[in-house]
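Taking it in order: structure first as structure tokens, then the write-up.
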Amino acid sequence: DWTSCRLRRKGFETAVGRFGKSRNASVIQLPPYRNATEVAEAVRREFPKALASAARPLGVLAVNDCVALAVMEYAREHDLAVPQEVAVVGFNNDIEGALAEVPLTTVEIPREEIAGHAVQLMMEQIEGGRREPKRIRLKPRLVLRQSCGCYSAPRREDACGKAVSSEQ
């Protein structure tokens with residue numbers, strides 16, 4: 001849905017401006033795409049331009065998890081360490097992000113709440129009630145994982161209380 005993409009971009013630009021970082025932020029506009037293959041092709045065309053610019057990105061906030069995963073794949077193919085050289089955050093909390101080599105930090109939308117409100121509004125219309133649009137604001141949730149660089153795995157201890165590496 002391209003409307004949601006525009007709204008996500010507007011939210012990003014508003015937040016960046018609020019923190020006084022607008023001159024440090026840029027937007028890579030991908031052309032419309034229909035599937036993951038087209039996303040990967042678009043990222044391969046557009047992301048190198050951003051990397052070559054004087055204002056090389058330290059991080060990417062992607063419009064969705066599919067784009068974020070394509071950025072991470074490009075980074076892996078070009079020996080850019082995520083998150084050490086470029087942090088990546090997606091949007092939607094698709095299962096593929098959690099299963100990625102470097103698990104993807106993402107913004108989760110409350111899908112169940114959206115569905116519940118949609119059914120409620122539809123029932124109101126069917127029963128002859130509400131006809132005008134209704135604005136409903138729902139709060140997204142940040143799902144912290146390794147790709148953003150700010151996540152640290154919970155400390156694990158062995159039976160003696162000694163710290164154990166999470167890679168073991």
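Using DSSP to call loops (not H, G, I, E or B), can you name the trypsin sites (Lys or Arg not before Pro) in the range 25-92 whose Cβ has at most 10 other Cβ atoms within 10 angstrom?
Working: sites: Arg34, Arg44, Arg45, Lys49, Arg76; in loops: Arg34.
Here the trypsin sites (Lys or Arg not before Pro) that fit, given the DSSP loop and packing criteria, are Arg34.
Could you compute the FRET efficiency for Ala118 and Ile95, with r as their C-beta to C-beta distance and R0 at 25 Å, rounded to 0.05?
Computed FRET efficiency for Ala118 and Ile95: 0.65.
Mind checking the range 111-152 for GluC sites (Glu not before Pro) that DSSP puts in a loop (not H, G, I, E or B) and that have at most 12 other Cβ atoms within 10 Å? Working shown, then result.
Working: sites: Glu112, Glu113, Glu124, Glu127; in loops: Glu127.
Counting only loop positions with at most 12 other Cβ atoms within 10 Å, the GluC sites (Glu not before Pro) in the range 111-152 are Glu127.
Under the rule of at least 5 residues apart or a separate chain, name every residue whose amide H is placed under 5 Å from the amide H of Asn64.
Close amide H contacts, sequence-distant or interchain: Phe91.
Can you pull out the trypsin sites (Lys or Arg not before Pro) in the range 82-138 that DSSP calls coil and that have at most 13 other Cβ atoms within 10 Å? Please report the intermediate quantities before stating the final value.
Values: sites: Arg111, Arg130, Arg131, Lys134, Arg135, Arg137; in loops: Arg130, Arg131, Lys134, Arg135, Arg137.
Here the sparse-neighbourhood loop sites are Arg130, Arg131, Lys134, Arg135, Arg137.
Taking only Cα atoms of the range 1-153, what ratio of Rg to Rh do you get with Rh as the Kirkwood inverse-distance radius?
Numbers: Rg = 17.7 Å, Rh = 17.1 Å.
Ratio of gyration radius to Kirkwood radius for the range 1-153: 1.03.
How do 60-67, 95-102 rank on mean C-beta neighbours within 10 Å, highest first?
Working: 60-67: 22.9, 95-102: 15.1.
Packing order, densest peptide first, comes out as 60-67, 95-102.
When the chain is fully extended, how far beyond the present Cα-Cα distance does Arg34 get from Arg8, taking 0.36 nm per residue of separation?
Working: separation 26, 0.36 × 26 = 9.36 nm, distance 1.87 nm.
Difference between extended and current length: 7.5 nm.
Values quoted throughout were computed directly from the atomic coordinates according to the rules given, and no laboratory measurement underlies them. None of these values were measured; they are calculated from a predicted model. Cβ: placed from backbone, ideal geometry, glycine included. Neighbour counts: every protein chain shown.
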